[in-house]
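The values are calculated or read from the model by the stated rules, or taken from the named source; none is laboratory data. The shown structure was predicted, so the numbers you read here are calculated from the model rather than taken from an experiment. Here the Cβ positions follow ideal geometry from the backbone for every residue, glycine too, while neighbour counts run over all protein chains shown. With ligands, DNA and RNA removed, areas are computed over all heavy atoms of the protein, side chains included. Shrake-Rupley method; radii C 1.70, N 1.55, O 1.52, S 1.80 Å.
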Amino acid sequence: MTVTAFGPGRVNLIGEHTDYNGGLALPFAIAEGVRVTASAHDADTIVAIAHDAGGERDTFAAAAPPREGADGWRAFVRGIVAELQRDGHTLRPARLEIAGDLAQGSGLSSSAALEVALALALLAHAGETDPDPVALARLCARVENDWVGAQTGLLDQTASLMGRADAALRIDFTTMETTVVPLELGDWRLVTLDSGETHSLATGGYNERRAETTEAVQRLGVATLSAATPAQAAGLPEPLARRTRHVLAENQRVDATVAALRDGDLRRVGQLLDASHASLRDLYDASTDAVERTVERLRAAGAAGARMVGGGFGGHVLALLPPGTEPPEGAHEVSPSAGARLVG
Ligand code: GLA
């Protein structure tokens, strides 16, 4: 039996660096993503072919994917195979063909798209077609954490797995409760523009921010940073106080955005995107010169709001454009699309 699964990338409308802090976010799945086809294979091995990496191959024992040599895209494949089995799923030997249309390190979550598509294809190939999305999101995040070395939260995987057409998903990362929030844009457009700077979540500022927020949680003795009060935040040493202030205000901006969408007030959504960006730049120190220049280009084009998306430190910038404005050259329109699924 041959099956094909599609895992979409995602854009986070608002709620950045809140997922690993037990906070709120409002992402949506996009039309672009990664496609994995799994077909029968006779040996007790998995063979994976990465068409976007020049047809590179990886072949390994299905029962025990080795850590040695698990670099780059191979870490995702071996990690998903290993973690699915660790969670009690029975897999069948398979030949995996991987292809996608998402740039790596772009902030559109090419990693989660790959993890999710791999997991759905491997499970369907073994006869399991309706896995629990929250359990699967956790499993995929474990691959990021333990195989790839990026201490990411659950934002990307949850958005990729549970996204809906024409809607964003409000996610509460303390309870993992999700609410579908219609994203009706009318003649407005959401676009992303590449800052030209790629980022790696496994190196650089992302893991450093995670370590800082973990330290803040330990100092305050709270369950997550989202449970801290503003007064507690003010008592922390810098930069921990600023990091905490960002998380608390960003959670409020998520619900303010949900309310603005409900009221059809897209100007207000734009203001909230701008406020989120300012907070990520000034309180979370997650911006770069290239990102700032990209934000400026979008504002100069008439954006009602613009902000960095994803882990920051490079990647893409998201902007909300009112009717009649032309996006700058190189910008790419994104629309809320269906979540991960079997496509054949
Ligand atoms: C990356 C991570 C997510 C999340 C965002 C920041 O995309 O993979 O888990 O932390 O950064 O909001």
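Structural remarks
- Per residue convex hull volume, Cα atoms of the chain, in Å³: 126
- The mean accessible area for residues of region 32-160, using a 1.4 Å probe and ignoring ligands and nucleic acids, is 38 Å² per residue.
- Secondary structure note: in the chain, about 90% of the DSSP beta bridges are antiparallel.
- In a DSSP loop and with at most 11 other Cβ atoms within 10 Å, the GluC sites (Glu not before Pro) in region 293-344 are GLU329.
- About its Cα centre, the chain has a charge dipole of approximately 420 debye under the convention of +1 per Lys or Arg Cβ and -1 per Asp or Glu Cβ, with nothing else charged.
- Within the listed set ALA135, ALA304, ALA159, the Gaussian network model of the chain (springs between alpha-carbon atoms below 10 Å) gives the highest mean-square fluctuation for ALA135.
- Projected label distance in nm at ASP130 and ARG299, using a 7 Å step from Cα toward the beta-carbon: 5.0
- The apolar share of the surface of the chain, taken as the fraction of accessible area on carbon and sulfur atoms (1.4 Å probe, ligands and nucleic acids excluded), comes to 47 percent.
- Region 226-251 versus region 297-329: alpha-carbon centroid distance in Å: 27
- Karplus-derived 3J(HN,Hα), 6.51/-1.76/1.60, for each residue of region 177-188, Hz, glycine and proline x: 7, 10, 10, 7, 10, x, 10, 9, 9, x, 8, 7
- Calculated accessible area for region 161-285 comes out at 47 Å² per residue, all protein chains present (probe 1.4 Å; ligands, DNA, RNA ignored).
- Among VAL180, VAL269, VAL11, residue whose mean-square fluctuation peaks in a GNM of the chain (springs only between Cα atoms under 10 Å): VAL180
- For GLY107, residues with placed amide H under 5 Å, excluding near neighbours: HIS316
- Two-site label geometry, ASP263 and THR179: point separation in nm, points 7 Å out along Cα→Cβ: 1.6
- Each principal axis of region 174-257 carries a Cα extent, and these read 47, 31, 22 Å when sorted largest first.
- Once the Cα atoms are used to define both axes, helix 110-125 deviates from the longest principal axis of the chain by about 40 degrees.
- Taken one residue at a time, the phi angles of region 33-46 give Karplus couplings (6.51, -1.76, 1.60, θ = phi - 60°) of x, 10, 10, 10, 9, 10, 9, 5, 8, 7, 7, 7, 10, 10 Hz. Gly and Pro are set to x.
- Residue-wise HN-Hα couplings along region 332-344, as the Karplus relation 6.51 cos²θ - 1.76 cosθ + 1.60 with θ = phi - 60° gives them from phi, are 10, 6, 10, 10, x, 10, 5, x, 4, 6, 7, 10, x Hz; Gly and Pro carry x.
- Selected from GLU250, GLU212, GLU144 as most flexible by GNM, with the chain as the system and alpha-carbon contacts under 10 Å: GLU212
- Degrees separating the helix 266-282 axis from the principal Cα axis of the chain, which is the longest one: 80
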